[in-house]
1. Residue by residue through region 89-131, note down the ones that are polar (S, T, N, Q) and either closer than 30 Å to ILE221 by Cβ or part of a helix (DSSP H, G or I) (or both).
2. From the set of residues in region 263-289 that are under 15 Å from ALA248 (Cβ atoms) and touching a residue at least 60 places away in the same chain (Cβ under 8 Å), which is surrounded by the fewest Cβ atoms within 10 Å (Cβ to Cβ)?
3. Would you say VAL197 is in a helix (DSSP H, G or I), exposed (fewer than 13 other Cβ atoms within 10 Å of the Cβ), at pLDDT 85 or above and within 30 Å of the chain's Cα centre (by Cα)?
4. What number of residues in region 201-220 are touching a residue at least 24 places away in the same chain (Cβ under 8 Å), closer than 13 Å to LEU112 by Cα and not hydrophobic (A, V, I, L, M, F, W, C)?
5. Any residue at all in region 132-144 that's in contact (Cβ under 8 Å) with a residue 60 or more places away in the chain and outside any helix (DSSP H, G or I)?
6. Check off (1) at negative phi; (2) surrounded by fewer than 23 Cβ atoms within 10 Å (Cβ to Cβ) for GLY92 and give me the number that stays unchecked.
7. Which residue is farthest from ILE105 (Cα to Cα), if the candidates are limited to region 38-68 and must be of a type in the set (Val, Ile, Thr) and modelled with pLDDT of 85 or more?
8. From the set of residues in region 54-86 that are among the hydroxyl-bearing types (Ser, Thr, Tyr) and surrounded by fewer than 23 Cβ atoms within 10 Å (Cβ to Cβ), which is farthest from ILE312 (Cα to Cα)?
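The values are calculated or read from the model by the stated rules, or taken from the named source; none is laboratory data. All of these numbers come straight from a predicted model, not from anything done at the bench. Note that each Cβ is placed from the backbone with ideal geometry, even for glycine, and that neighbours are counted across all protein chains shown.
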Amino acid sequence: MDYENFSSGDYELPCEMNDTRQMELGIQVYVHSFICLFGLLGNLLVIITYAFYKKAKTMTDMYLLNMAIADVLFVLSLPLMIYNERHNWSMGTWACKIFRGMYNINLYSSMLLLACISTDRYIAIVQARRSFRMRYRTLIYSQIICSAVWLFSLALSVPSMVYNERYEDTHLGVKSEAVCYFRFDDNRMAQLVKILVPTTQITIGFFLPLLVMCFCYTCIIITLLRAKNFQKHKAVRVVLAVVVVFIACQMPYNITLLYHTVELFQTRECSSEKDVLKVLMITESLAYLHCCLNPVLYAFIGVKFRNHFCKILEDLWCLGKRYIYRRSSRVTSEVYISTRRSTEGSNNENGSSFTM
């Protein structure tokens, strides 16, 4: 189609997003690769610890285990999403729906489990007597709550799985690369879903956990400061670190997403649209980084968990040494046997020659 035949008053050409696309590819290659590597390593260590070294005995243990599973599923799906985005979603529409759905399920479940952890710590420290009476029913409660969190996250992710599709994006009849994005049959549904999905993500996936964390940890800090104990004051610093890291990682992305949602159906200049999309990409990567920090803040910062982690490293070191020892012993024995055979063979050859 010849763009020269269009007048600027009748049509507005779409924004040129080549520089934004190049920035997105760079973030995917370097930043997201780092997040996948360290997020997978840290959360797998948490799962291994609970599976082989420290059984889940309390509600917090169960929440941490489920949160690690959610983060592992997220970091495993992230490279596949990046691969499909760079190869025109070669896996098709079902991969588009599944990966977008997995992203939302893991987002909601991880954030809601953070709120559950905060509530459990509030009960354990501020409501200590009630916590002692509830101890014998904690695992049953935690399993029910975790199941409810996963089901609720699945329900919230249904619109993303239903309306996300793989299709060829076109501008004024010019075919471009395939994308995985929302696709609708009418404008009313498009406006509803494009506002409902990010609004739900902001409220349920950020502001609700933030309010729960702020309330619970404020009460925890007040309770700990009343107890004149050095260890309790160290716990206050840990609590503050948890809240500060959560706000630093999640708030910039959610504020940018809120601004983008409010201005979604407003006319904007290309430069403004590019700036918003660039900030959205950077803050989204910062939000992804939180899955790498979860194991450090909620698991390895504890003394017992650090001891289990050291035990894992010791066992891996022992297994490595045992493997090297067996391999070296096997090589040594094979060299000895081959040398002996060659020696015996040469002796037999010498004897035969002598007899002949």
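1. Result: THR93, ASN104, ASN106, SER109, SER110, SER118, THR119, GLN127, SER131.
2. Only one residue tops the list, namely ILE282.
3. no
4. Looking only at that region, the number is 3.
5. no
6. (1)
7. ILE48
8. TYR83
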